[in-house]
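Taking it in order: structure first as structure tokens, then the write-up.
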Number of protein chains: 2
Amino acid sequence: MATIKDVARLAEVSVATVSRVLNGNGYVHKETKDRVAKAIQQLNYRPNDVARSLFKGRSKMIALFVPDIMNPFFPELARAVEDTAKQKDYTFVLCNTDDDPEKEIAYIDALRQKSLDGIVVVSSTMSGDYVKNVDIPVIALDRILHEDLSSVTVNNREGARQAVEHLKKQGCTRIAHIAGPEHISNAKQRMNGYLDAVQQEEWFKFSYIEQGEYRFESAKEAAQSLLERHPEIDGLFVANDLMGVGALKGAEAMKVSVPEELSIIAFDGITLGETTTPTLTTMAQPIYTIGSRAAEMLIQQIEQADQGTQVEEFEVELIERESTKRRQNDDET
Amino acid sequence: MATIKDVARLAEVSVATVSRVLNGNGYVHKETKDRVAKAIQQLNYRPNDVARSLFKGRSKMIALFVPDIMNPFFPELARAVEDTAKQKDYTFVLCNTDDDPEKEIAYIDALRQKSLDGIVVVSSTMSGDYVKNVDIPVIALDRILHEDLSSVTVNNREGARQAVEHLKKQGCTRIAHIAGPEHISNAKQRMNGYLDAVQQEEWFKFSYIEQGEYRFESAKEAAQSLLERHPEIDGLFVANDLMGVGALKGAEAMKVSVPEELSIIAFDGITLGETTTPTLTTMAQPIYTIGSRAAEMLIQQIEQADQGTQVEEFEVELIERESTKRRQNDDET
DNA sequence: TCGGTTTATGTAACCCGTTACACATATAGT
DNA sequence: ACTATATGTGTAACGGGTTACATAAACCGA
């Protein structure tokens, strides 16, 4: 590969002049510039980013930490962050953390050695105190890690409340909840939203809440156990779509038909919910938007260190599909 | 951040000695080594990989090119490549190419400037001649790009044949095919496998083949049009699972019940097929294995340039689920 | 005791850019 | 005509490692 010296030699100038042409700074005579440009062209010269990074202490690389890219919520997020990174000329590094704090720290160590410029993190296990001491910008996405760390999330609590309200409007009178892991901030917020909507109801019991993992199987079992214990429930709010699909399968296994006997609504808005039978009603997050916004915020913080903690919260939106349906005993005509 | 000079100063040795300790090469007196190790410890020193890369011309980074990580076939592949990369101390870069050759070339250019060490490529659009002139190792995965480029794939043709045989064994007597895009090598091979199994049958007509994109919607439409034109078909082999799920929906829309009236089998073995109703029978690729193997081959080629073109083909395996079922007019008792 | 290895360590060049600084010429203002 | 400023270009230090080469002491066999 040609180096800047080769270009300088061919154009009969110094490397400094070539560098000036390359970066468009300093004074360069028009004719000189043309000569250099021609030499660059002839040699098909591309500056070595590693040398640049060494000098600048910057690599133009950002990373996204997700628990596991195989979880269908994350590919769209990854796509959004990657698109934004590419558009701003950053290279995109993907890390699967398995929600393991040791892996997270190992990744950060390894990436800092490569002068990584910043990280978008989806995590509930990383210690907030640790993150605060990382010397590069970090943006929390989808889950909150530490109150004074910049983050991009959605209004989980209000969205969850609306989900339950939707079930009520469809005529459900006994609404249960399959919750996500309590150490994950959004799972907790969604449960609170559920409680906001049902705690006043005279029929409400705490045993209407079943805890599970953010996984398909876990939700299937949770749904079965819930339906077993409480055959009277006719509405179910599930903490996320992946679990929602599990719940659908759990109901199917219990021979409870959805939506005729049981309405199910979940949360996230991933495409998986469009392929089930029945399709899954959900409170959709603007997944691409939040991923893209997090990447933008990150790059902004990288390129001008000034701004302090930024917190952005987006709205979720009801997408009504087949798993919720108006009951016959509906009081609105 | 501490540098090698700081360590050298603290340990009262030269930077060369520190470097020797770091890399475990050259002669270093035991006591000196301990002193250096202690200094490294004290300063929490981590060598700067960028400086290393500059000198070595290697970055310990590999990339995976996929058309779009949002396509549910790719996350598992990405996970496999990332796991393998991490295990061998490589950083993992993910690139979405959208099957656009210009993007692919732009990525390669950008990454070569960062001294990227190698690429695992899932692509059908990249020019094989272009790839051959890339000066770093490239492994083709899932699709073949050029005959003398190393690749990891599965036995698509034979797998497809087996899929159709399975339908026959279940009692299907009119078997159609929804094919993938013909410029994608595996789609073509799967179609050939279908033809191997049906071309001799007296009922076979070329209009039993419907071409589509590797997308959900496209397959749904294809299935509907096929069922409209040929209400007699009782078996359907679909080129991949994503399309298979589309076909399931197409049949549902046409009020054709699966598997009672129509058996559907697809190809890939992605988890999406487990969440539909009915669940989707498929010829499963060992997705994680091929991804992981491709990454291993790549790293091997990076670390010892000798070996020539390596081609590995894995077997696919039938996973029988609900979308195929034995017919009553079955001739085997 | 002497030349030949083996062991141990340091000096400096190198990887390839960027930029501070020096220097020279041109243009402008008074 | 004489500074002051703008324009144009080169030299060399720098970023942080690695390693070829030089040097020197210790060890070894004859």
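The values are calculated or read from the model by the stated rules, or taken from the named source; none is laboratory data. Keep in mind the model is a prediction, meaning the values are calculated, not measured. Here the Cβ positions follow ideal geometry from the backbone for every residue, glycine too, while neighbour counts run over all protein chains shown. Only protein heavy atoms, including side chains, enter the accessible area calculation; ligands, DNA and RNA are left aside. Shrake-Rupley method; radii C 1.70, N 1.55, O 1.52, S 1.80 Å.
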For B:Thr173, inter-copy label-point distances (7 Å, Cα→Cβ), nm, shortest first, read 5.3
Here chain B gives, from Cα atoms, an Rg and Dmax in Å of 25.9, 88
Between the residues A:Ala223, A:Gln162, A:Met243, the Cα farthest towards the positive end of the dipole of the range A:156-285, that dipole coming from +1 and -1 charges on the beta-carbon of Lys, Arg, Asp and Glu, is from A:Gln162
Dividing the mean separation of Cα pairs under 8 Å (6+ apart) by the residue count of chain B yields a relative contact order in percent of 16 percent
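Considering only protein heavy atoms and a 1.4 Å probe, what is the carbon-and-sulfur percentage of the accessible area of the range A:4-47? If you can, show how the numbers build up before the last one.
On the way: 1480 of 3090 Å².
Result for the range A:4-47: 48 percent of the exposed heavy-atom area is carbon or sulfur.
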For A:Lys86, the lysines lying under 27 Å Cα to Cα, once residues fewer than eight places off in the same chain are dropped, come out as A:Lys56, A:Lys60, A:Lys103, A:Lys114, A:Lys132, B:Lys56, B:Lys60, B:Lys86, B:Lys88, B:Lys103, B:Lys114, B:Lys132
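In chain B, which longest range has no chymotrypsin sites (Phe, Trp or Tyr not before Pro) that are both DSSP loop (not H, G, I, E or B) and surrounded by at most 11 other Cβ atoms within 10 Å?
B:28-202
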Quick calc, B:Arg46 & B:Asp196: beta-carbon distance into FRET formula, R0 60 Å, rounding 0.05, result 0.60
Any lysines whose Cα falls less than 22 Å from that of A:Lys30, other than same-chain ones fewer than 8 residues away, would be A:Lys5, A:Lys38
In debye to the nearest 20, the charge dipole size for the range B:156-285, taken about the Cα centre with +1 at each Lys and Arg Cβ and -1 at each Asp and Glu Cβ, equals 140 debye
Label points for A:Asn44 built 7 Å along Cα→Cβ; distances to same position in the other copies, nm, shortest first, come to 4.6
Rounded to whole Å², per residue accessible area for the range B:4-47 with a 1.4 Å probe reads 70 Å²
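How many percent of the alpha carbon pairs in the range B:18-157 exceed a separation of 24 Å? Kindly include the intermediate steps, with their values, before the conclusion.
Values: 4225 of 9730 pairs.
Beyond 24 Å sits 43 percent of the P(r) for the range B:18-157.
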Excluding residues fewer than 8 positions from A:Lys168 in its own chain, the lysines with Cα under 19 Å of it are A:Lys205, A:Lys325
With all protein chains in place and a 1.4 Å probe, B:Thr279 shows an accessible area in Å² (nearest 10) of 20 Å²
Computed for the protein assembly as shown: size of charge dipole around the Cα centre, +1 on C-beta of each Lys and Arg, -1 on C-beta of each Asp and Glu, debye to nearest 20, value 2880 debye
The Rg/Rh figure for the range A:211-292, Cα atoms and Kirkwood Rh, to two decimals is 0.99
Quick P(r) readout (the range B:156-285; Cα-Cα; 10 Å bins; whole %) gives 15, 53, 30, 1
The size of the Cβ-based charge dipole (Lys, Arg +1; Asp, Glu -1) of chain B about the Cα centre, to the nearest 20 debye, is 1780 debye
Pseudo-spin-label distance A:Asn25 to B:Asn133, built 7 Å along Cα→Cβ, given in nm, is 3.4 nm
The computed P(r) of the range A:132-181 puts the percent of Cα pairs beyond 17 Å at 54 percent
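Could you work out the mean projected area of the convex hull around the alpha carbons of the range B:4-47, in square nanometres to one decimal? Working shown, then result.
On the way: hull surface 10.1 nm².
Seen from a random direction, the Cα hull of the range B:4-47 projects 2.5 nm² on average.
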One decimal, nm, nearest first: from B:Val311 to the same residue in each other copy, label points 7 Å out along Cα→Cβ, the values are 5.9
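Peptide A:85-98: average number of partner chain Cβ atoms within 10 Å per residue? If you can, show how the numbers build up before the last one.
Numbers: counts 1, 6, 0, 0, 1, 1, 12, 6, 7, 11, 4, 7, 0, 1.
So the per-residue partner count for this stretch is 4.
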The protein assembly as shown, convex hull of Cα, quarter of hull surface, nm² -> 37.1 nm²
Taking chain B and counting helices only, DSSP H stretches of n ≥ 4 at -39,500 (n - 2.57) each over all residues, the nearest-500 ellipticity at 222 nm comes to -13500 deg cm²/dmol
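Loop only by DSSP, 14 or fewer other Cβ within 10 Å of the Cβ. Give me the GluC sites (Glu not before Pro) in the range B:118-179 that pass, ordered by residue number. Before the final figure, lay out the partial values.
Working: sites: B:Glu147, B:Glu158, B:Glu165; in loops: B:Glu147.
The qualifying sites are B:Glu147.
Would you please give the FRET efficiency between A:Asp100 and B:Met1, computed as 1/(1 + (r/R0)^6) with r the Cβ-Cβ distance and R0 = 22 Å, to the nearest 0.05?
Numbers: r = 25 Å, r/R0 = 1.15.
That gives a FRET efficiency of 0.30.
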Rounded to one decimal in nm, the spacing of the 7 Å Cα→Cβ label points at A:Glu12 and A:Asp34 is 1.5 nm
